[in-house]
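Nothing in this text is a laboratory measurement; each read-out follows from the coordinates by a stated rule. The structure displayed is predicted, hence computed values, not measured ones. Note that each Cβ is placed from the backbone with ideal geometry, even for glycine, and that neighbours are counted across all protein chains shown.
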Amino acid sequence: MEISNDLIIAGTAMLVAANCALIGVFLVLRQTAMMSDAISHTVLLGIVIAVLAVGSREPIPVIVSGVLSGILTISLVELLHRSGKLKQDSSIGIVFPFLFAIGVILVTQAASIHIDAQHVLYGSIEFAPFDTLYMDDLNMGSRSLWVLGILAIANILFIGLLYKELKVSTFDKSFALGVGLMPILVHYLLMIMVATTAVVAFESVGAILVIAFFIVPASAAYLLTDRLSKMLMLSVSLGVASSVAGYLFAIFADVSISGSMATTSGVIFGLIWVFAPNRGLVSRWKRISRHRFEIDLGIVLTHIRHEADAHRPVSALTLPDSLGWTKEYSKKLSEFIQEKKLVEKDTQGNFVLTDLGIKKAENYSGN
Amino acid sequence: MALEEILSVFVGILADYTLRYVALGSAILGITSGALGCFTVLRKQSLFGDALAHASLPGIGLAYLFTGTKDSLPLMLGAAVFAWFGGIITLAITNTTRIKQDAALGITLSVFFGLGIVLLTYLQSVGGASQGGLDRFLFGQATALIESDIINLGILAALCFVILIVFYKEFKITTFDSSFGQSLGLPTKYLNALLTSVIVVAVVIGLHTVGVVLMVSMLIAPAVAARQWTLNLKTMIILSSIFGGLSGIIGSMISSMAEGMSTGPVIVITATAILGISLLFSPKQGYLYKYFCKQRKLHILLDKTKTIPGKEQNHGNFQ
Amino acid sequence: MEQKSGNQGSAEDKISPIMIRNMSITYRTEPALWNIDLDFPARKMVAIIGPNGAGKSTLIKAVMGLVPITAGKVHIYGKPSHKNRDKVAYVPQRGSVDWDFPTDALDVVEMGLYGKLGWFRRPNSKTRNVARECLDRVGLSDYADRQIGQLSGGQQQRVFVARALAQDAQIYLMDEPLNGVDATTEETILSVLANLRKGGKTIVMVHHDLRTVDKYFDWVVMVNRNLIAAGPIKEVFTKINLDRTYQEKRCMSIQ
């Protein structure tokens, strides 16, 4: 198998991003992002213990041990939280630094582990091409591609088989409980997939940056669509796109690949946040100012009608004082309602609602 | 014999200048983060502290890139600016989109951290291996502290405490009942911004000794531990400072005994141990006390089952 | 909308404690209150009633400056509300605070005095004594050092009322203080408020229980986004007005 090193690295990056982005959709929707952050930190402890016990970084013991430490994390957080002494966020903020700290000490103190602190922080995707998988002395190519590929199949199977359960328990937990879809079991299975994905991704991107691949593309996708299936596809596409762009930038600037991938995903998120149709900042701002204008228009018409009932005159000059608006804004609205033929001026220059204006004002006030 | 060994180590520490700075720097951190962490916890912003700490990393890189010094003041300033920026971004995401707070925190902390890593690796690649020293801000390396650093940390910590003391009652009321505070005419927005700034300073003080990755623990663990022993905010803050300071000193001492060990993880483990002890043994609230109470109540209940405690009668309101 | 002046009394009553003019409030794009004109009478117990989501809480929050006003103005004793806010005490809904907070009943009551203390001055034995006295007035002097989370719901509500008492204001705005409390608490709060009114204070309360409106209050404000009616109980607390207030939520759609 002859694949260039660059392609192996890029492929690894894309597979890591795709795996994380797929699972990440549910983490964003279920508001378990920080719990996943905690798990992705603490799998370090499991990895280190497995390496100490087995003496090498064989995938299976490492994954099993990493998943166990993920479950330990969830259980400890739940235990502290359930005791009623700590809020959930405090429990998370205590459990993961503690377990992670133990992992870091083991990494730096146990000479036999061969993981350095930098690897913990941002992985070593650069070395993916040099870790080759052998089967009966047969060179099978890059190990990371194999492992990540199998993980991708597992994640797709997980989501495919439990799609209905995941969907229902995400959007309506009590309903899921009621119809026997076992939301708690689904939750734990999802967290196990998070831990597994985090362990596998640890090789490439370390324990801290992995949360970027889980959360950022999924959040960006959340701003683009309302449909779960579409969100899954968008999330994966955005994840892969940011990994490719991040990889290219890292090569160009000679910086950490995983750091660059995380930053790129942030940039893509930022662009979507600002420019997304309907939910982006720009269209949100436009919509809000349009609504505000509509509402203020209604306020003015209701006000004129109300004052007419009480035989009090209203003109462009009385508006700033009675409604508390600036002179410019009152003038702008006054001109607008005259232009739209909602009011006319009487001989003294006071506003009188036209039939159209009365109709519109009734629309607003409901009586 | 073991005790004598430990004692001789501590005597050695006091005689050693470097270790004195290590202990002092870690103590300053612990005391400050302990005090301000109380507010982080009470405002349910524990993980916000985590995001602030992670977000400060690019600030360190940029400050170094522009000033070229490892003098602690510009680095801390850069870190503070980015921590603040990260906090604002988090709030902006939750306020303007449907993304919930936890995901917003995750986005900020991981993207800023990624950017920080990019900058640090960039500095490494342009400046060679000798620039690797910035790594110490990730997990903390208190042995790198020098006298001027200690003075800077001390001044910043003193600033935090002055603000905390001066605005204590305002911080307390906006934390407990924000809308009531606002109804008293307090500028809650500015007070919240001020409190966040002070917490940012506490985070920045911790960069040298604990590092960005584990800093959140120093905001939460001492505060939660202190909460187990008292029902009074002032006492909680004082106790939390003591716990934080103790964790700092003990943790940094232990880590200095081993070659090449980062201070941060050891301090964090110490702080968590103090929390564990507090959860188990604190009077009235501890697990053990509650366990014994349950046992005793059971006996009393078996002894006399005649009086039923008067329940408060609910007045019927129709909605 | 009808509004009847209940009091043609003395000169000092002529300045309304709270005057609301042309006030509209919108949350995001949803109108919460629409074109409210209202003068609260002095020295009265006033109930604000209306269905859920009618803008009752919003009305008093607007007076306190807790929600931004889209249009119109609020005056307190003839001055823009922010200038005279220290004349008003506010009792928020009970759910708005963290009951795990490390503080005791006396301490919470003392917070009512923070506004008068101003910046940089700390609570002292004098404020402590005032707080103790206020706690006594709601019958909780034995609970002064109780952690607030360990008090019953009714007791918590009384602590809130005591905190408002500590503010020694002219106007008391309360957001459903009688909602879900026990009979003792209800009696205590009502007798405290009756004393306040005798002392010339104005009390405005969001109230849920229609059966007790005519028993407890002098005046009633009926809202459902619009002001339906406001005036003395005898004149406006009628079946017709109630029907108008509690009829289906008025749809106010944009466009």
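Each Lys or Arg adds one and each Asp or Glu takes one away; over the other residues whose Cβ falls under 10 Å from the Cβ of A:Ser91, this sums to +1.
On average, how many beta carbons from a partner chain sit within 10 Å of the beta carbon of a residue in A:101-110?
Numbers: counts 16, 4, 1, 12, 10, 1, 2, 7, 5, 0.
Mean inter-chain Cβ contacts per residue within 10 Å come to 6.
Estimated purely from DSSP H runs of n ≥ 4, each contributing -39500 (n - 2.57), the mean residue ellipticity at 222 nm for chain C is -8500 deg cm²/dmol once divided by its residues. Protection proxy ranking for C:195-207, A:43-55, A:93-105, using the average of other Cβ atoms within 10 Å per residue and placing the highest first: A:93-105, A:43-55, C:195-207. Selection among A:Ser204, A:Gly324, A:Ser265 by position relative to the dipole of chain A gives A:Gly324 as farthest towards the positive end (Cβ unit charges, Cα centre). For chain C, what is the relative contact order in percent, using Cα pairs closer than 8 Å and at least 6 residues apart in sequence? That works out to 28 percent. Among C:Cys134, A:Cys20, the order by Cβ neighbours within 10 angstrom, fewest to most, reads C:Cys134, A:Cys20. Rounded to the nearest 10 degrees, the angle from helix C:153-166 to the longest Cα principal axis of chain C is 90 degrees.
log₁₀ I(q)/I(0) of region A:182-237 at q = 0.13, 0.19, 0.22 Å⁻¹, via Debye over equal Cα point scatterers, no solvent, to two decimals? Computed log10 I(q)/I(0) values: -0.41, -0.80, -0.95. Here the dipole of the protein assembly as shown is about 3500 debye; that uses its Cα centre as origin and unit charges on the Cβ of Lys and Arg (positive) and Asp and Glu (negative).
So for region B:13-303, if I pair up every lysine 8 or more residues apart or on another chain, how many of those pairs have alpha-carbons under 22 Å apart? Lysine pairs meeting both conditions in region B:13-303 amount to 13. For C:Asn226, the amide hydrogen comes within under 5 Å of the amide hydrogens of C:Trp34, counting only partners 5 or more places away or on other chains and with H modelled in the peptide plane.
With a 10 Å cut-off between alpha carbons and a GNM built on chain A, which of A:Leu342, A:Leu121, A:Leu185 moves the most? Of A:Leu342, A:Leu121, A:Leu185, the most mobile in the Gaussian network model is A:Leu342.
Count Lys and Arg as plus one, Asp and Glu as minus one, and take only other residues whose Cβ is under 12 Å from that of A:Val77; the net charge is then -1.
Among the residues of B:134-141, the average count of other protein chain beta-carbon atoms within 10 Å of the residue beta-carbon is 2.
For chain A, which span is the longest to avoid every loop-located (per DSSP) member of trypsin sites (Lys or Arg not before Pro) having at most 12 other Cβ atoms inside 10 Å?
Details: sites that count: A:Arg227, A:Lys341.
Counting at most 12 other Cβ atoms within 10 Å as exposed, the longest clean stretch of chain A is A:1-226.
With the charge dipole of chain C set up from +1 on Lys and Arg Cβ and -1 on Asp and Glu Cβ about the Cα centre, the Cα lying farthest toward the positive end among the listed residues C:Gln167, C:Gly180, C:Phe40 is that of C:Phe40. Span-like helix check, chain A: qualifying full DSSP H segments, with Cα axial length of 24 Å or more and mean Kyte-Doolittle of 1.0 or more, are A:5-29, A:33-54, A:59-82, A:88-109, A:143-161, A:183-205, A:228-253, A:257-275.
Quick one: in region B:49-122, what % of C-alpha pairs are over 16 Å apart? In whole percent, the share of Cα-Cα pairs in region B:49-122 beyond 16 Å is 46.
Order of C:112-119, B:169-176 by packing, highest average Cβ count within 10 Å first? Could the numbers behind the result be given before it?
Details: C:112-119: 17.9, B:169-176: 22.5.
Going by the mean number of other Cβ atoms within 10 Å, highest first, we get B:169-176, C:112-119.
At a threshold of 8 angstrom on Cα-Cα distance, excluding pairs fewer than six apart, so keeping six or more, what relative contact order does region B:189-256 reach in percent? Please report the intermediate quantities before stating the final value.
Working: 24 pairs, mean separation 13.8, N = 68.
Relative contact order for region B:189-256 comes out at 20 percent.
Other residues within the sphere of radius under 11 Å centred on the Cβ of B:Thr188, judged by their own Cβ, net out at -1 (K and R +1, D and E -1).
Charges were assigned to the Cβ only: +1 to each Lys and Arg, -1 to each Asp and Glu. The resulting dipole of region A:282-365 about its Cα centre is roughly 520 debye. Across the protein assembly as shown, Cα-Cα pairs farther apart than 58 Å form 18% of the total.
Calculated from the alpha-carbon coordinates, region B:13-303 shows an Rg and a Dmax of 20.2, 79 Å respectively. Look at the stretch C:23-31: the mean tally of other chain Cβ atoms within 10 Å of its residues' Cβ atoms is 4.
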